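Below is one structure; the comments refer to it alone.
The values are calculated or read from the model by the stated rules, or taken from the named source; none is laboratory data. A quick note: this is a predicted structure, and the numbers were derived from the prediction, not measured. As a convention, Cβ positions derive from the backbone with ideal geometry for all residues, glycine included, and neighbour counts pool all protein chains shown. Protein only, heavy atoms only, side chains kept; ligands, DNA and RNA dropped before computing areas. Shrake-Rupley method; radii C 1.70, N 1.55, O 1.52, S 1.80 Å.
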Amino acid sequence: MHDPEHCGHDHGPKHIYIYSPASAVRDKAAFRRGIARLQALGHEVEVDADALARHTRFAGDDATRLAAIHRAAASGADVALISRAAYGCTRILADIQYKKIAKAIERGTRFVGMSDFTAFQCAVLARTGAITWAGPSLEIDWGVKGEPDEIMAACFDDLLTGHGEGTGWRLGREKPKADGSAAAPEIHLKPAPLWGGNLAVLNSLIGTPYFPQVKGGILFLEDIGEHPYRIERMLTQLLYAGVLAQQKAVLLGQFTQYKLAAHDKGYRLQSVVDWLRTRIKAPVLTNLPFGHVPTKVLLPVGASVSLAVHEREALLVWGHMH
């Protein structure tokens, strides 16, 4: 049984800074619910002065959102958590003060978010090599009606307390290859940098100074509202850009909220997975519990991780990170 008093980790209240680097908060009730839930867990929740700002679709104009990012970095918080994502980070990447972000991370602030926040995370990795965390947002995940997803909440708690060492999941059930071998081979990869995030956002950074040049990495991807042919098209761009050939593994998370058409005639997401496996030597693993879904793990973007697969069980391990 786990004994918080003798495990050597800090289980006390944490300082969580809420800010809005991208889209304006759309559901203020959910925003308030999320804050109340984190406070009910005993944490100190500090809300940025412009967290509820609005300028057209954004959480304030570019200067306002940049200032919010830099305030989050200066806050000394244990976690800087985005209110929501959607769109807005990409257009301000050139003006972020990356040294301030890296120093904040070095002092112990963990920047957490996903989706559009992929742009910020990739830029931080490309410019500084510092680690950020792909994970929940306040409005969508903590502010949900009913109870927040247990796995998401547990992973977030592991991050706060320093208990997170890795994550495991069960691969999707797939037909064996033509030669009868398993769709996903048994794997034991030595530590490699984990990186990735939202596929569309990641692709938008190709050819810019904010696209990480990761060789021998483990790339994870997810997306929402993208038909499988669009997913394939974006993967093709990564393929032709030489990115996929440099990876040791590709982990496909959850691709949700798209609608197949009558003329697809059997073309679906699995068709894309099958196609990708014919184009790269690295294993392509499915069903990673990450994406625009309630059940999501937290992933250290830029950290060195090891990957193991046995039958349908996959395990990512990164060890204790403080």
Problem set entry | Virtual spin-label span in nm between A182 and K28, 7 Å along Cα→Cβ | 5.2 nm
For this session: Taking the dipole about the Cα centre of region 1-122, with the C-beta of Lys and Arg at +1 and of Asp and Glu at -1, give me whichever of S75, A22, G113 is farthest to the positive side.
Result: A22
Problem set entry | Accessible area in square angstrom per residue, the chain, 1.4 angstrom probe | 45 Å²
Seminar exercise, completed: Here, Y229 and T256, labelled 7 Å along Cα→Cβ, have an inter-label distance in nm of 2.5 nm
Exercise. Give me the log10 of I(q) over I(0) for region 197-257 at q = 0.12 Å⁻¹, as the Debye formula computes it from C-alpha points; what are the numbers?
Worked result: -0.26
For this session: May I ask for the angle, rounded to the nearest 10°, between helix 150-161 and the longest principal axis of the chain, with both axes built from Cα atoms and the value confined to 0 to 90°?
Result: 60 degrees
Exercise. Of all the Cα-Cα pairs you can form in region 66-155, what percent are over 20 Å apart?
Worked result: 32 percent
Exercise. If you line up the long axis of helix 28-40 against the longest principal axis of the chain, both from Cα atoms, how many degrees apart are they, to the nearest 10?
Worked result: 80 degrees
Exercise. Of K145/K177; K259/K296; K99/K281, which pairs sit farther than 32 Å apart, going by alpha carbon to alpha carbon?
Worked result: K145/K177; K99/K281
For this session: Normalising by the residue count of region 1-149, find the relative contact order in percent from Cα pairs under 8 Å and 6+ residues apart.
Result: 29 percent
Exercise. Of all DSSP beta bridges located in the chain, what percent are antiparallel, nearest 5?
Worked result: 45 percent
Exercise. What are the extents of the Cα atoms of region 180-221 along their three principal axes, listed from largest to smallest and rounded to whole Å?
Worked result: 41, 22, 14
Exercise. Per 5 Å bin, what percent of the C-alpha pairs of region 210-322 does each bin hold, from zero upward?
Worked result: 2, 10, 20, 23, 21, 15, 6, 3, 1, 0, 0
Problem set entry | Rg/Rg_globular for region 1-144, with Rg_globular taken as 2.2 N^0.38 Å and Rg from C-alpha atoms | 1.03
Problem set entry | Efficiency of FRET from Cβ geometry, E150 and D62, R₀ 35 Å, rounded to 0.05 | 0.40
For this session: May I ask you to order 170-177, 194-201 by the average number of other C-beta atoms within 10 Å around their residues, highest value first?
Result: 194-201, 170-177
For this session: Show the residues, 5+ positions off or on another chain, whose built amide H is closer than 5 Å to the amide H of G196.
Result: F220
Exercise. Against the longest alpha carbon principal axis of the chain, how many degrees, from 0 to 90 and to the nearest 10, is the axis of helix 269-279 turned?
Worked result: 70 degrees
Exercise. Tell me, what is a quarter of the convex hull surface for the C-alpha atoms of the chain, in nm² with one decimal?
Worked result: 17.2 nm²
